[in-house]
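Novice: Sharing a structure below in structure tokens format, with a few things to ask.
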Amino acid sequence: MRWSNLFRFPILAVALVLGTSAGPPPASPLLSLLDRFIAANVPATGPAEGGPIPRNWPEPASIPERPGRGLAQHPMLYAGEGYNTIFLVNHGKVVWTYSTGREGEIDDVWMLTNGHILFARQFHVEEVTPRKEVVWHYDPPEGTEVHSCQPIGLDKVLLVQNGLPPKLMVINKKTGAVEIQHALPAESLTDPKTVHPQFRRIRMTAKGTYLAPFLRMNKVVEYDKNFKPIWTCEIPTPWAAVRLHNGNTLMVDEHDRVVREVNPKCESVWEFKQADLPPDIVLHNIQTADRLANGDTVIFSSTGGTKLEDRPNIIQLLEVGKDKKLVWVLQDWKNLGPATTAQFLDEPGVPEHPGDLQR
């Protein structure tokens, strides 16, 4: 484990996190940060960056016409398993990238209100500046993995460390202290082969509870601050789950390729699946989904189990309305890689405030 505390927090960012009287935050507080990523002092490759990763799929001849405005639909921070590069998209163009190297898989990315990028890449969690300087780094112990991270204020990060046993942890990045650590149930506490599929996406809610999808144990469990289970909902292979502002929970069933919204009684109130799409759009191995402020749902279609030569024919993500009509379909293999997750930078809310975003 190594720790780095090289950054200072801008006054505005501190005000947003601590709730001081610096005036109301902007509707989309991250948009004003994007110029930092295209400044003249941003290097092509950072000191600890993995370097460009060759694309392992054929260059598509063209970008097909799909609903929406392609890369111009939303400014976003985008990443996916199978191609370890983080992409920053603005005004329809990739304006910044960060390669994390070939090892592991990127499963969670965040832009913070201080302009830093926080990400989990299976075998480490890291925070970098727009200038690609590493300001914090966590190496999980050998035999463990981290696929999820969530900023808790600007000083702390929540993660789950898959292992024997898996552990939910809150780490203070300034001091290096593990302020919260609690073991979670697992399919096996002795078989190393069960470590990888334990957990992917975990989130602290606005109420300070923990929402944990058990990928192999086919359930989502909510724990209170004392780690007492207070809510359970059974669903096959839940890759991700998020508590919505309406009190419902949006969950992703990776195996059956279903996104389902359930109420507090675990009753389905909305779902989206392959049968809701036209035949020329196929969902592959979906992993995450987000609910936007306008009520639309964004679904990320990863490429697990597909041939490399088939990837240019696969969509990467889609946005659907409550009526299940397609608003946006992204299929752009010229500029981006596979899609596991993205943070939409035109959304309201402060990322470091748990539950503030629609995710």
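The values are calculated or read from the model by the stated rules, or taken from the named source; none is laboratory data. Please read these numbers as outputs of a predicted model, since none were measured by experiment. Methodologically, a virtual Cβ is constructed for each residue, glycine included, from the backbone with ideal geometry; neighbour enumeration extends over all protein chains shown. Surface accessibility is based on the protein's heavy atoms, side chains included, excluding ligands, DNA and RNA. Shrake-Rupley method; radii C 1.70, N 1.55, O 1.52, S 1.80 Å.
Novice: For a quick check of understanding: with a 1.4 angstrom probe and all protein chains in place, what accessible area in square angstrom does residue 149 have, to the nearest ten?
Specialist: 0
Novice: Can you give the convex hull volume per residue for the Cα atoms of region 47-139, as a whole number of Å³?
Specialist: Values: hull volume 10.4 nm³, N = 93.
Taking the convex hull of the Cα positions in region 47-139, it is 112 Å³ per residue.
Novice: Also, quick follow-up: Averaged per residue, what accessible area in Å² does region 218-260 show with a 1.4 Å probe, protein chains only? Working shown, then result.
Specialist: On the way: 1920 Å² over 43 residues.
With all protein chains present, region 218-260 gives 45 Å² per residue.
Novice: On to the next question. Rounded to two decimal places and with Rh computed the Kirkwood way over Cα pairs, what is Rg over Rh for region 280-322?
Specialist: Values: Rg = 11.6 Å, Rh = 11.2 Å.
Reported Rg/Rh, Kirkwood definition of Rh: 1.04.
Novice: Using a 1.4 Å probe on the protein chains only, how many percent of the accessible area of the chain belongs to carbon and sulfur?
Specialist: 52
Novice: Report the trypsin sites (Lys or Arg not before Pro) located in region 143-182 that are in a DSSP loop and have at most 15 other Cβ atoms inside 10 Å of their Cβ, or state none. Mind dumping the intermediate values first?
Specialist: On the way: sites: 156, 167, 173, 174; in loops: 173, 174.
Loop-located and lightly packed - 174.
Novice: State the Kirkwood hydrodynamic radius of region 242-338 in Å, one decimal place, computed from all pairs of distinct Cα atoms. It would help to have the intermediate numbers written out before the result.
Specialist: Working: mean 1/r = 0.0717 Å⁻¹.
Roughly 13.9 Å, rounded to one decimal.
Novice: When the Kirkwood radius is taken over all Cα pairs of region 172-282, what Stokes-Einstein diffusion coefficient follows at 20 °C and 1.002 mPa s, in µm²/s? Walk me through the numbers on the way to the answer.
Specialist: Numbers: Rh = 15.4 Å.
Rounded, D is 139 µm²/s.
Novice: Expressed as cubic angstrom per residue, what is the convex hull volume of the alpha carbon set of the chain? Don't skip to the answer; put the middle values down first.
Specialist: Numbers: hull volume 48.6 nm³, N = 359.
Considering the Cα atoms of the chain, their hull volume per residue is 135 Å³.
Novice: Still on this structure, please answer the following. Beyond a 32 Å Cα-Cα separation, which of these cross-linked pairs lie in this structure: 167/324; 132/225; 207/334; 193/273; 173/334?
Specialist: Working: 167/324 37 Å; 132/225 35 Å; 207/334 41 Å; 193/273 30 Å; 173/334 37 Å.
As for pairs spanning more than 32 Å Cα to Cα, those are 167/324; 132/225; 207/334; 173/334.
Novice: If each DSSP helix of 4+ residues adds -39,500 (n - 2.57) and the sum is divided by the residues in the chain, what number results at 222 nm, nearest 500 deg cm²/dmol?
Specialist: Helices in the chain give a 222 nm mean residue ellipticity of -500 deg cm²/dmol.
Novice: Which one, 178, 299, 240, projects farthest toward the positive side of the charge dipole computed for region 161-303 from Cβ point charges (K/R +1, D/E -1)?
Specialist: So the residue furthest toward the plus end is 178.
Novice: Given a 1.4 Å probe and the protein chains all in place, what does the accessible area of residue 324 round to, in Å² to the nearest 10?
Specialist: The accessible area comes out at roughly 60 Å².
Novice: Rolling a 1.4 Å sphere over the protein heavy atoms, what is the accessible area per residue of region 61-122, to the nearest Å²?
Specialist: On the way: 2050 Å² over 62 residues.
Normalised by residue count, the accessible surface of region 61-122 is 33 Å².
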